[in-house]
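The values are calculated or read from the model by the stated rules, or taken from the named source; none is laboratory data. Only a predicted model underlies this, so the values are computations on that prediction, with no experimental measurement involved. Reconstructed Cβ throughout: ideal geometry from the backbone, glycine too, with neighbour counts over all protein chains shown. Just the protein is used for accessible areas: all its heavy atoms, side chains included, with ligands, DNA and RNA removed. Shrake-Rupley method; radii C 1.70, N 1.55, O 1.52, S 1.80 Å.
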Amino acid sequence: MTTQPTRWSQFGVLITVFFFWGFVAASNDILIPVFKKAFNLTQAQSQYVAVAFYVAYTVGSLIYVAVSKIIGLDLLNKIGYKNGICLGLVISALGTLLFYPAANAGSFNLMLSGLFIVGLGFSLQQIAANPLAIVIGDPKTGAQRLTLAGGINNFGTTIGPLLVSVAIFGSVLSGGTEASIESVKTPYLVLGVAFILVAIFLKFSSVPNHIDLEKLSENEAQDSSKLIHKKSALGYPQLVLGMIAIFVYVGVEVSTISNLPAYLESPEGLGLDTSQIAPFVSLYWASLMIGRWGGAAGAFNVGSGAKRWLTLLLPYVAFGVFLAVNAIMKHEVSQFFGYAAVIVLMILATLASKGNPARMLLYFAACGIAALLIGMFTTGWTSVVAFISVGLFCSTMWPCIFALAITGLGDKTNQGSSLLIMMIMGGGFVSLAQGLLADKVGVHFSFIVGVACFAYLAFYAIAATRTLRNQGIDLDKLAAGSGH
């Protein structure tokens, strides 16, 4: 039987991959305004960066399903979860190689192609890594481990924009304000080498290659006789509705930050230069880290009182990481001190959810709607803080949706996971939709797109609860937040 220390060491190796996903995804938000100026793009055209990266997840998932059908067996069951992640890392590394000729030639299309291939590799990594993170250890804290992994992901999203900004503009002290497209190639080539090294390390680690999905499904149910068995994952309503939920969740998370730089540069925002937006992008992604570190408190094997204290303290530890990293980068951090008060609202919503993933999803969706509406009907610093706080309220949505959507799927879990990963394309399409709206009505009021996304997520929280209870699923076993 696998011991607890071994499980944590396996999980520690696994979450390195989550870091890479965050680093690249957040770095795209620095590339968007840079490419917009360098290639003279409209706001909608600049969102092709998000479209290329996130649509790759859909294409990758479709390839996964097609290959599984051709060989007559689920691909991950055939090659193994660990091997699947390693293969995905190698594919992503190949994508980073395109940045070298793309930067030298100043080719926007070749840049997009590189991002697309990186995203293809990430799709296979995500299909394998998300369910693996849930099942390594106690099933009752599976979603919380996914939240913790997301917190590591967002450490990558916090430092990614800062490092890429330095690579493009130079250090703050040098006063660089002009973007250098050729300088983009260096961080991505380094990243490609890192992908290969982690793939080699992971291959020889103790991370399991296979998992028992039927046993997991039985553990989730109060009454296993109520479990339903479908020929296809699409026969499970919690998954079908969850696919739409992943689409709009990733959509609102990505579209908000993809369009925020344009708002920061506008007179209604703060009128910043492109070279000055990196710490604001960093704070948005750090907000997801802040929320996920708090939501991951239940993953630790400590008493309920200690978990409650961790829920209160870990978000501010994460906020301290953001301040420290930006201070090291010589950015002015005192302007962000007041954000500590906004974090209190996120903590209160986490505590009120009492660890129930559906309840947490509902409360955070309501907070997200409020944040966007405040941002739309105010200007200046107040609106910027409101828009950035969307990151706080998106923070724990992924594990909540993912856990609700694949629960009870049994041997269809891998298929369901691939279908959910497919819907990450929402990050590209919703960003493009907001960009098109911004070109017509202005970027300020284009954030209404996010309000509609959060509204659906609130609906899904209610609908998934009813569906899973009808299947005899105990939602308390899916505790996804503070672990109370």
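Under the criterion of Cα pairs below 8 Å and six or more residues apart, the relative contact order for the range 272-425 equals 27 percent.
Got a sec? What order do Arg466, Arg292, Arg359 fall in by accessible area at 1.4 Å, biggest, i.e. largest, first?
Values: Arg466 165, Arg292 15, Arg359 85 Å².
So the residues, ranked largest to smallest area, are Arg466, Arg359, Arg292.
FRET efficiency for the Ser334 to Ser304 pair, using the beta carbon distance and R₀ = 35 Å, is estimated at 0.45.
Take Thr379, project a point 7 Å from its Cα along the Cβ direction, then tell me which residues of the range 256-276 have their backbone nitrogen under 13 Å from it. Within reach of a label on Thr379, which here means backbone N under 13 Å from a point 7 Å along Cα→Cβ, the range 256-276 contributes 266-271. Heavy-atom accessible area, probed at 1.4 angstrom with all protein chains present, ranks Ile181, Ile32, Ile200 as Ile200, Ile181, Ile32, highest first.
In what sequence, highest mean first, do 268-276, 255-263 appear when ranked by Cβ atoms within 10 angstrom? Before the final figure, lay out the partial values.
On the way: 268-276: 16.9, 255-263: 27.0.
Packing order, densest peptide first, comes out as 255-263, 268-276.
Need one word for the range 298-451: rounded, prolate or oblate. Basis is the Cα gyration tensor (sqrt eigenvalues a ≥ b ≥ c); a/c below 1.5 gives rounded, then a/b vs b/c decides. Since a/c reaches 1.5 but b/c is at least a/b, the shape of the range 298-451 is classed as oblate. The accessible area of Phe108, taken with all protein chains in place and a 1.4 Å probe, comes to roughly 30 Å². For the range 245-383, a/c is not less than 1.5, where a ≥ b ≥ c are the root eigenvalues of the C-alpha gyration tensor, and a/b does not top b/c. That puts it in the oblate class.
Centroid-to-centroid, using Cα positions, the range 237-266 and the range 437-458 are 10 Å apart.
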